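Engineer: Below are the structure tokens for one structure; questions will follow.
The values are calculated or read from the model by the stated rules, or taken from the named source; none is laboratory data. In this text, all values refer to a predicted model and were calculated from it rather than measured experimentally. Every residue, glycine as well, gets a Cβ built from its backbone with ideal geometry; the counts of neighbours run over all protein chains shown. What goes into the accessible areas is simple: the full protein's heavy atoms, side chains included, and nothing from ligands, DNA or RNA. Shrake-Rupley method; radii C 1.70, N 1.55, O 1.52, S 1.80 Å.
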Amino acid sequence: MSYKPTNDVIFLKMFGEEKNKDLLQDLIEGIFPELDIKTIELRNRVPLSKETVTNKLGVLDVVATLNNEIKIDIEMQVNNLYNTFERSLFYAAGLYHEGLEEGEGYRQITKTKSVWITTYNVFTNGPFHERALLKRDFNNDVITNIFELHYIQLPKFKKQCKKISSKLDEWLTFIINEDQEAVKMIENEKIKKAEKELEYLNSDEETRELARLREKGIRDYVAGLADAESYGFEQGITQRTI
């Protein structure tokens, strides 16, 4: 079995390592083509281990600072736990809060962009890449763009993308990794490097074990939620019939 970049252990190792900062930059440029990225500084993170990948489904996200002024958080989200908005807002708000250094004024806070790449659709309608901003009800005016939430929905992408026509299309085609012929046709040199990195990660015994444990942890967690919901439903029926 080969693991895809939709496995968040693989995703983190592919885009969260110093040696692969060029891959991360190319992905970010695909998501935000308007950005002129001169520097990327990756956040130091706790090394991946059995504990970190199975600990209550802890977040395995890629966090970086661009040009010393913009914080980017990218997370691969595999299962729909029906709390996407709450969780994404919670994590992004924490990152936003970290952007204020001691002694600085609030207007100096670092701009924050949080990106969730999901293997499920967050919104029923609309494009595969959605941006959420703080807005007023009146005239739908944007209050500020210093805090952004982005949802990139892979099922919608597969349905809406008829041909690869942008850097983001290239990366999402690679991340889904279902059409090998389409991936091989991509001429982006960073994608070609990512293909080799994916092959290496799948050949590394330790990485494969962490990826397996991550998927097992997610399956067990989701199954536990379903069992608890079913038990609660049965208990409710039993109490009503007593």
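Engineer: Treat each spin label as a single point 7 Å out from the Cα along the C-beta direction, and report the K21 to I143 distance in nm.
Structural biologist: Inter-label distance under the simple model: 3.5 nm.
Engineer: Mind listing which trypsin sites (Lys or Arg not before Pro) in the range 88-197 are in a DSSP loop and have 10 or fewer other Cβ atoms within 10 Å?
Structural biologist: Filter output for the range 88-197: R136, K162, K163.
Engineer: Checking the table K167/K192; K19/K167; K19/K162; K4/K167 against a 25 Å threshold on Cα-Cα, which pairs fail?
Structural biologist: Result: K19/K162 exceed 25 Å.
Engineer: Provide the gained length on full extension for the span E181 to E130, in nm with one decimal, where the gain is 0.36 nm per separating residue minus the Cα-Cα distance. Don't skip to the end; give the middle numbers.
Structural biologist: Working: separation 51, 0.36 × 51 = 18.36 nm, distance 2.78 nm.
Residue separation times 0.36 nm, minus the Cα-Cα distance, leaves 15.6 nm.
Engineer: Round to a whole angstrom and tell me the spacing of the C-alpha centers of the range 172-211 and the range 10-85.
Structural biologist: Going from one Cα centre to the other spans 17 Å.
Engineer: Report the full-extension gain for the segment L81 to R219: residue separation times 0.36 nm, less the Cα-Cα distance, to one decimal in nm.
Structural biologist: 48.5 nm
Engineer: Say R0 is 41 Å: what FRET efficiency, to the nearest 0.05, do S49 and Q160 get from their beta-carbon distance?
Structural biologist: Details: r = 38 Å, r/R0 = 0.93.
FRET efficiency, S49 to Q160: 0.60.
Engineer: Another question about this same structure. Once you compute Rg and the Kirkwood Rh from C-alpha atoms, what is the Rg to Rh ratio for the range 1-159?
Structural biologist: 0.96
Engineer: Based on the alpha carbon coordinates of the range 1-67, what radius of gyration and maximum Cα-Cα distance (Dmax) apply, in Å?
Structural biologist: For the range 1-67, the Cα radius of gyration and maximum Cα-Cα distance read 13.1, 39 Å.
Engineer: Can you send over the solvent-accessible area of L24, 1.4 Å probe, protein chains only, in Å² to the nearest 10?
Structural biologist: Surface open to solvent at L24 totals about 0 Å².
Engineer: Something else about it: From the backbone phi of the range 160-171, what are the Karplus-calculated ³J(HN,Hα) couplings (6.51 cos²θ - 1.76 cosθ + 1.60, θ = phi - 60°) in whole Hz, Gly and Pro given as x?
Structural biologist: 8, 7, 7, 8, 6, 9, 8, 5, 5, 4, 4, 5
Engineer: List, in order, the whole-Hz ³J(HN,Hα) value for each residue of the range 201-211 obtained from phi through the Karplus relation with A = 6.51, B = -1.76, C = 1.60 and θ = phi - 60°; use x for Gly and Pro.
Structural biologist: 4, 6, 9, 8, 4, 5, 5, 4, 5, 5, 5
Engineer: Kindly write out, for the range 44-49 in residue order, the coupling ³J(HN,Hα) from the Karplus curve 6.51 cos²θ - 1.76 cosθ + 1.60 (θ = phi - 60°), rounded to whole Hz, with x marking Gly and Pro.
Structural biologist: 5, 10, 5, x, 5, 8
Engineer: If you count the DSSP beta bridges with both ends in the range 1-150, what percent of them are antiparallel, to the nearest 5?
Structural biologist: Just about 50 percent of them are antiparallel.
Engineer: Please list, ordered by chain and number, the residues whose modelled amide H lies under 5 Å from the amide H of I70; skip anything fewer than 5 residues away on the same chain.
Structural biologist: none
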